[in-house]
Amino acid sequence: MSDVQNYLSPHRLDDAVKAMAGGDTTVLCGGTDLSPQTDSGLREYAGTLMNIRRIEGLSGIDLIDGQIRIGALVTVTGIGNSQLLDELAPVLVEAADQFASDQIRNAASLGGNICNASPAGDMIIPLLVLDAVVELSSWRQGTVHTRQVSLDEFFTAPGKTVRQENELLTAVIFDQPAESFVAHFRKSGPRPALEIATVSVGIGGRLENGSLSGVRVAMGAVAPTPLRARSVEATLEGKTLDAETIRAAAVDAGEQATPIDDVRASAWYRRHLVCVFTEEVLNDVLEN
Amino acid sequence: MKQLISIEINGEVHELAVAPQDSLLHVLREELGLIGTKKGCDTGGCGCCTVQIDGRAVYSCMTYAMSVQGKPVVTIEGITENGQLDPLQQAFIDAGAVQCGYCTCGTIMAARELLATVPDPDESQIRHAIAGNLCRCTGYQKIVDAIKLAAANSA
């Protein structure tokens, strides 16, 4: 294991992104991914370990001008306990409740779950359904520069994202869903707690007169990155959610999935689960 | 490269030198001799190492010791007051919820957060709260009974 030379725990965002400007920084927040990954040799520490937990201003969940903004440091427990999210985006609360264990939910941050870029990331699937963007901050020309990237375009491979080494994920932002918006999430695993999803499915849209519009379908652990299944969305868009449409969407979801065989499940089983979950989540959406 | 830090554990402030990547579990057991907190899987999967930080249950094996500066840590050794067992400790004895005992301390620390927020939990709330704690003897029923008993005795 490489030896960390320096430990930082900045309280201000500008200090944090300044420290990241030169690269060679490992970002620490909850540590629930970083710790096992470095212990097992999957990842090496850079020269500087920077704890971002104490940066001020990145721990809020706010509704601002029709947009919901969740600071990167908000824990999964914080998402699960948020009254604002329970009212306006309950699919996030639903997913938070199925996330690992209390101990991990208490430590793990939203930003960390996204930057870890697991194809199975439990917070990523509902955020894709909410069409979220991530805010990336960096130090440029003497000031904090921010850019936004659609979450849909953020992931490039398992564990890889478009985030540059000098950029810190500072917030997740999405439009306040319409009143008729309904979304649900489901994941599977043999042990409910602490399970890395074998497969997860999230579906949302505006439910009016038994049909969905503005449909978004996201699937986890069935491709190298969390997946927006646009062809399934097209299958559902504007159609009455009857048994035939639901069946067609389920079949299509199975075809869009490109899962792998690994210790958790075979590709065949994952594909089967995606079909079953698509059907079940659509029924949940219909029942609201 | 070690740095000198000051951390508060069970109300006592300790000054010690730790490496930035050292886990809180390592510091508790190897530096401070607080071996009530157990090392099980050391990868956040078994719950034996559960402690409370700012009142919240976390796995000390994946908590960086440096990161708890200024945040009070409570371990199993810190919940006994003036020689009087915590209601959860007494209930685990009374309900016979201890078999090999390896998971007991971590499970009590997880249950402690539950009882602080939900004084009268139902069975599903109890099972949800200790879902991150594995009992290798599979003695869950008596653990659940003990937590119910502790809640009743504290009411």
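What helices (runs of 4 or more DSSP H) completely inside the range A:182-288 contain at least 3 residues that are closer than 16 Å to A:D131 by Cα?
On the way: elements: A:230-236, A:243-256, A:267-287.
The qualifying helices (runs of 4 or more DSSP H) are A:230-236.
Has the range A:70-79 got any residue that is in a helix (DSSP H, G or I) and surrounded by fewer than 20 Cβ atoms within 10 Å (Cβ to Cβ)?
Step one: of the range A:70-79, the residues in a helix (DSSP H, G or I) are A:76-79.
The next check asks that each one be surrounded by fewer than 20 Cβ atoms within 10 Å (Cβ to Cβ); those that pass are A:77.
Yes, the conditions are met somewhere in the range A:70-79.
Take B:A91 and tell me if it is in contact with a helix residue (DSSP H, G or I) (Cβ under 6 Å, 6 or more places away or on another chain), away from every other protein chain (no Cβ under 14 Å), in contact (Cβ under 8 Å) with a residue 60 or more places away in the chain and of a type in the set (G, A, S).
Yes: the conditions hold for B:A91.
Hey, among B:L85, B:L114, which residue is within 13 Å of chain A (Cβ to nearest Cβ) and surrounded by fewer than 24 Cβ atoms within 10 Å (Cβ to Cβ)? First the steps, then the outcome.
On the way: B:L85 fails: within 13 Å of chain A (Cβ to nearest Cβ).
That would be B:L114, the only listed residue that is within 13 Å of chain A (Cβ to nearest Cβ) and surrounded by fewer than 24 Cβ atoms within 10 Å (Cβ to Cβ).
Being at positive phi, crowded, with 24+ Cβ neighbours inside 10 Å and either within 12 Å of another protein chain (Cβ to nearest Cβ) or among the aliphatic types (A, V, I, L, M) (or both): is that true of A:G31 here? Walk me through it before giving the result.
Working: at positive phi: yes; crowded, with 24+ Cβ neighbours inside 10 Å: yes; either within 12 Å of another protein chain (Cβ to nearest Cβ) or among the aliphatic types (A, V, I, L, M) (or both): yes.
Yes.
Restricting attention to the range B:36-43, does a residue exist that is without any contact (Cβ under 8 Å) to a residue 24 or more places away in the chain and among the polar types (S, T, N, Q)? Reasoning before the result, please.
If we filter the range B:36-43 for residues that are without any contact (Cβ under 8 Å) to a residue 24 or more places away in the chain, which is where we start, we get B:39, B:41-43.
Of the ones still in play, those that are also among the polar types (S, T, N, Q) are B:43.
Looking for residues that are without any contact (Cβ under 8 Å) to a residue 24 or more places away in the chain and among the polar types (S, T, N, Q), one finds at least one in the range B:36-43, hence yes.
Do you know which residues across the range B:43-63 are out of contact with any helix residue (DSSP H, G or I) (no Cβ under 7 Å at 6 or more places or on another chain) and over 25 Å from B:N153 (Cα atoms)? Walk me through how you get there before you give the answer.
If we filter the range B:43-63 for residues that are out of contact with any helix residue (DSSP H, G or I) (no Cβ under 7 Å at 6 or more places or on another chain), which is where we start, we get B:45-46, B:54.
B:G45, B:C46 - these are the residues of the range B:43-63 that are out of contact with any helix residue (DSSP H, G or I) (no Cβ under 7 Å at 6 or more places or on another chain) and over 25 Å from B:N153 (Cα atoms).
Residues being more than 10 Å from chain A (Cβ to nearest Cβ) and in a loop (DSSP other than H, G, I, E, B): count how many of those fall in the range B:53-82.
Residues that pass the stated criteria total 5.
How about the range A:153-184: which of its residues are in contact with an Asp or Glu (Cβ under 9 Å, 6 or more places away or on another chain) and under 23 Å from A:N51 (Cβ atoms)?
A:E165, A:L169, A:T170, A:A171, A:V172
Provide a single number: the residues in the range A:92-149 that are part of a loop (DSSP other than H, G, I, E, B), within 14 Å of chain B (Cβ to nearest Cβ) and closer than 23 Å to A:N51 by Cα.
Looking only at the range A:92-149, we keep the residues that are part of a loop (DSSP other than H, G, I, E, B), and these are A:98-101, A:108, A:116-123, A:130-132, A:141-142.
Adding the requirement that they be within 14 Å of chain B (Cβ to nearest Cβ) leaves A:98-101, A:108, A:116.
Pick out the ones that are also closer than 23 Å to A:N51 by Cα and you get A:99-101, A:108, A:116.
Residues in the range A:92-149 being part of a loop (DSSP other than H, G, I, E, B), within 14 Å of chain B (Cβ to nearest Cβ) and closer than 23 Å to A:N51 by Cα: 5 in total.
Values quoted throughout were computed directly from the atomic coordinates according to the rules given, and no laboratory measurement underlies them. Please read these numbers as outputs of a predicted model, since none were measured by experiment. Neighbour counts run over all protein chains shown; Cβ positions are idealised from the backbone, glycine included.
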